[in-house]
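A.B. asks: Right, I'll just put the structure down here and ask away after.
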Amino acid sequence: MGAARGAAIVTSAEDTWTMFARLLKQTLSALAGPHALQLILADGDRIVVGQGAPEVVLRFHDAAAPRALALDPDLKLGELFTDGRLSVEKGKIYDFLDITFGGLENTRPSWLAPMSDRLRFATRRLMQRNGLMRSRANVAHHYDIGDDLYALFLDSDWQYSCAYFEHPGVSLDEAQLAKKRHIAAKLCLKEGQSALDIGCGWGGMALYLAGVAGAGRVEGITLSERQIARARRRAQASPTARKLHFELLDYRRAGGVYDRIVSVGMFEHVGLGQYDAFFAKCRALLAEDGVMLLHSIVNTGPPAFTNPWIARYIFPGGYIPSLSEVLPAIERAGLIVTDVELLRLHYAETLRHWRERFMARRERARALYDERFCRMWEFYLAGSEASFRHQMLNVAQIQIARRQNAAPLTRDYIGPAE
């Protein structure tokens, strides 16, 4: 009787494993389209999708990994790759993500929407309760891990946001310069006016406004100690040093009134529950006839939740809002949206440059950190690029004012201003 019970347990385990293998094959078949993929299991068995030689071959290194992936792909794919439990034997992890994310453009199989997704959506505000202390810790988690890392893949001006590729074939440095030029033009900045840069990073945008666009005074604020230190060093070495001031400061504690406000790549860290506070503060800081330019990643679909792997390992407290969540918050603050431009695939191209530059210097990154860190950042850059290329991620430049007549009535001014 005991032997019979043991046989039943083995059969049950085998049936469970067969179910997960079948689930993975169904999922990959739905996502791969015309592409051929192959997964090698820990015991040497293979899951084959498509016809002909596989374009990408993945290998699981333990028996539990496929089950984890099948049950929660949004979290576990990145974890398995980062921890070395899943490796790529042919191609790169970007190739796999490019194929499967491309398949998500037209369909998301129902088995990729488990109960955990509904729970994550329901608790997203709780996960983004970004008070003063938590916001500081969240920023440090990503931006204070070391300037040596960012030097490996950013452009010479340390721009860590979507570039603007005006023409095919331009370099990353040229595209980032074009981004700053495009933003400055939309600010309608006049000689001698004051400007506030909320989330100033390493200071590149503030330096551009003071040195090229003719601002009279530029204040830059960030919560990153590493960024503020570099921004201050750059300011001291600049011919426009007297115009520049950088401070380690939360936007909620900023004071004064400014002719122009710019925020590039910072709004993603605010958190859904703080949108009203953010735009109310911006209104208080903006002059009556002032202009603000908000440059932020947005979701062009319905409201969603932060990818759990990104939230846990890369951007804790971060959230990419739907436009339907941002625009009402601007209206509630008594501000006016005067222009919206979506940059679409510009961020995919930016991330391609970052990923290729990081991979070209991967051994240097490994020497700075370790192999696990390199796998984590490779997955982050690859996954982000594939997401912007195939999913509903976008970048919006939203021009905001307190008065209808603060900005020109047509967009014809942008080209000449650039």
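The values are calculated or read from the model by the stated rules, or taken from the named source; none is laboratory data. Only a predicted model underlies this, so the values are computations on that prediction, with no experimental measurement involved. Glycine also receives a Cβ, built like all others from the backbone with ideal geometry; neighbour counts cover every protein chain displayed. Accessible surface is based on the protein model in full, side chains and every heavy atom, while ligands, DNA and RNA are left aside. Shrake-Rupley method; radii C 1.70, N 1.55, O 1.52, S 1.80 Å.
A.B. asks: Which members of region 325-345 meet the condition of being modelled with pLDDT of 95 or more and either open to solvent by 60 Å² or more (accessible area, probe 1.4 Å) or within 13 Å of the chain's Cα centre (by Cα) (or both)? Explain how you work it out, then say what you get.
C.D. replies: Step one: of region 325-345, the residues modelled with pLDDT of 95 or more are 325-343, 345.
Correct list: Glu331, Arg332, Val340, Leu342, Leu345.
A.B. asks: Hey, another quick one. On the basis of being more than 29 Å from Glu166 (Cβ to Cβ), open to solvent by less than 40 Å² (accessible area, probe 1.4 Å) and either under 14 Å from the mean Cα position of the chain (by Cα) or modelled with pLDDT under 95 (or both), does Gly265 make the cut? First the steps, then the outcome.
C.D. replies: Numbers: more than 29 Å from Glu166 (Cβ to Cβ): no; open to solvent by less than 40 Å² (accessible area, probe 1.4 Å): yes; either under 14 Å from the mean Cα position of the chain (by Cα) or modelled with pLDDT under 95 (or both): yes.
Considered against the rule, which asks whether it is more than 29 Å from Glu166 (Cβ to Cβ), open to solvent by less than 40 Å² (accessible area, probe 1.4 Å) and either under 14 Å from the mean Cα position of the chain (by Cα) or modelled with pLDDT under 95 (or both), Gly265 comes out as no.
A.B. asks: It is to be established whether one or more residues within region 268-278 are open to solvent by less than 10 Å² (accessible area, probe 1.4 Å), at pLDDT 95 or above and more than 20 Å from Ile183 (Cβ to Cβ).
C.D. replies: So far as region 268-278 goes, yes, one or more of its residues are open to solvent by less than 10 Å² (accessible area, probe 1.4 Å), at pLDDT 95 or above and more than 20 Å from Ile183 (Cβ to Cβ).
A.B. asks: Checking the condition aliphatic (A, V, I, L, M), closer than 15 Å to Leu196 by Cα, out of contact with any helix residue (DSSP H, G or I) (no Cβ under 8 Å at 6 or more places or on another chain) and crowded, with 21+ Cβ neighbours inside 10 Å, which residue from Leu294, Leu286, Leu249, Leu244 passes? Walk me through it before giving the result.
C.D. replies: Values: Leu294 fails: out of contact with any helix residue (DSSP H, G or I) (no Cβ under 8 Å at 6 or more places or on another chain); Leu249 fails: crowded, with 21+ Cβ neighbours inside 10 Å; Leu244 fails: out of contact with any helix residue (DSSP H, G or I) (no Cβ under 8 Å at 6 or more places or on another chain).
Result of the check over Leu294, Leu286, Leu249, Leu244: Leu286.
A.B. asks: Now for a different question. Go through Gly192, Gly201, Gly214, Gly255 for me and flag whichever is within 23 Å of the chain's Cα centre (by Cα) and either farther than 22 Å from Ile297 by Cα or assigned to a loop (DSSP other than H, G, I, E, B) (or both).
C.D. replies: Values: Gly192 fails: within 23 Å of the chain's Cα centre (by Cα); Gly214 fails: within 23 Å of the chain's Cα centre (by Cα); Gly255 fails: within 23 Å of the chain's Cα centre (by Cα).
Just a single option satisfies the conditions, and that option is Gly201.
A.B. asks: Given the residues Leu23, Leu58, Leu75, which is the only one that is open to solvent by less than 20 Å² (accessible area, probe 1.4 Å) and in a helix (DSSP H, G or I)? Lay out the reasoning, then the answer.
C.D. replies: Values: Leu23 fails: open to solvent by less than 20 Å² (accessible area, probe 1.4 Å); Leu58 fails: in a helix (DSSP H, G or I).
Selected residue: Leu75, the only one of Leu23, Leu58, Leu75 that is open to solvent by less than 20 Å² (accessible area, probe 1.4 Å) and in a helix (DSSP H, G or I).
A.B. asks: Going by the conditions given, is Ala348 free of Cβ contacts under 8 Å to residues at least 60 places away in the same chain and either open to solvent by less than 30 Å² (accessible area, probe 1.4 Å) or part of a loop (DSSP other than H, G, I, E, B) (or both)? Give the derivation first.
C.D. replies: On the way: free of Cβ contacts under 8 Å to residues at least 60 places away in the same chain: yes; either open to solvent by less than 30 Å² (accessible area, probe 1.4 Å) or part of a loop (DSSP other than H, G, I, E, B) (or both): yes.
Judged against the criteria, Ala348 is a match.
A.B. asks: Of the residues Ser161, Ser135, only one is in a helix (DSSP H, G or I) and touching a residue at least 24 places away in the same chain (Cβ under 8 Å); which? Show your work before the answer.
C.D. replies: On the way: Ser161 fails: in a helix (DSSP H, G or I).
So the residue among Ser161, Ser135 that is in a helix (DSSP H, G or I) and touching a residue at least 24 places away in the same chain (Cβ under 8 Å) is Ser135.
A.B. asks: Residues in region 41-54 that are buried (at least 17 other Cβ atoms within 10 Å of the Cβ) and on the phi < 0 side of the Ramachandran plot: how many? If you could, list the steps in order and put the result at the bottom.
C.D. replies: Filtering region 41-54 for residues buried (at least 17 other Cβ atoms within 10 Å of the Cβ) gives 41, 47, 49-50, 54.
With on the phi < 0 side of the Ramachandran plot added as a condition, the list becomes 41, 47, 49, 54.
Qualifying residue count for the region: 4.
A.B. asks: Let me ask you something else. Is at least one residue of region 237-245 touching a strand residue (DSSP E or B) at 6+ places or on another chain (Cβ under 7 Å), part of a loop (DSSP other than H, G, I, E, B) and under 17 Å from Ala210 (Cα atoms)?
C.D. replies: First, pick out the residues of region 237-245 that are touching a strand residue (DSSP E or B) at 6+ places or on another chain (Cβ under 7 Å): 238, 243-245.
Now restrict to residues that are part of a loop (DSSP other than H, G, I, E, B): 238.
With the extra rule that they be under 17 Å from Ala210 (Cα atoms), the set shrinks to 238.
Within region 237-245, one or more residues are touching a strand residue (DSSP E or B) at 6+ places or on another chain (Cβ under 7 Å), part of a loop (DSSP other than H, G, I, E, B) and under 17 Å from Ala210 (Cα atoms).
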